[in-house]
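Chemist: The structure follows.
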Amino acid sequence: MPLVVIARNKASSEIDNTKTRDLVWATLQENIAARSTNSTIIFSGARQHSIHKKQPEIVIEAIQTLAESL
């Protein structure tokens with residue numbers, strides 16, 4: 001089953017090890033994405049919540065890409 005995870009901030013590999021909270025959060029999001037063999041993870045690049053409100057273009061593009069792949 002296709003799975004798209006949209007997460008805040010950056011991938012764990014891009015986060016400074018001193019930023020423990022951000023590193024743990026990114027790792028947890030990556031673990032969720034790993035639950036499907038057909039998954040994509042998109043990081044917003046910003047430390048914020050409510051991505052659907054503040055960066056709706058990310059959500060729209062993810063939905064369009066998913067729909068086109070079906």
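Chemist: So, of the residues in region 30-45 that are out of contact with any Asp or Glu (no Cβ under 7 Å at 6 or more places or on another chain), among the hydrophobic types (A, V, I, L, M, F, W, C) and part of a strand (DSSP E or B), which turns out to be farthest from Leu70 (Cα to Cα)?
Modeler: Out of the qualifying residues, it is Phe43.
Chemist: Please specify each residue of region 1-29 satisfying the condition of being farther than 26 Å from Leu70 by Cβ, open to solvent by less than 80 Å² (accessible area, probe 1.4 Å) and not aliphatic (A, V, I, L, M).
Modeler: Arg8, Asn9, Ser12, Asp22, Thr27
Chemist: When the residues of region 33-52 are narrowed to those that are more than 18 Å from Ile15 (Cα to Cα) and not small (Gly, Ala, Ser), which ends up least open to solvent (accessible area, probe 1.4 Å)?
Modeler: Across region 33-52, the extreme among qualifying residues is Ile51.
The values are calculated or read from the model by the stated rules, or taken from the named source; none is laboratory data. Keep in mind it's a predicted model, so treat the numbers as computed, not measured. Glycine also receives a Cβ, built like all others from the backbone with ideal geometry; neighbour counts cover every protein chain displayed. Only protein heavy atoms, including side chains, enter the accessible area calculation; ligands, DNA and RNA are left aside. Shrake-Rupley method; radii C 1.70, N 1.55, O 1.52, S 1.80 Å.
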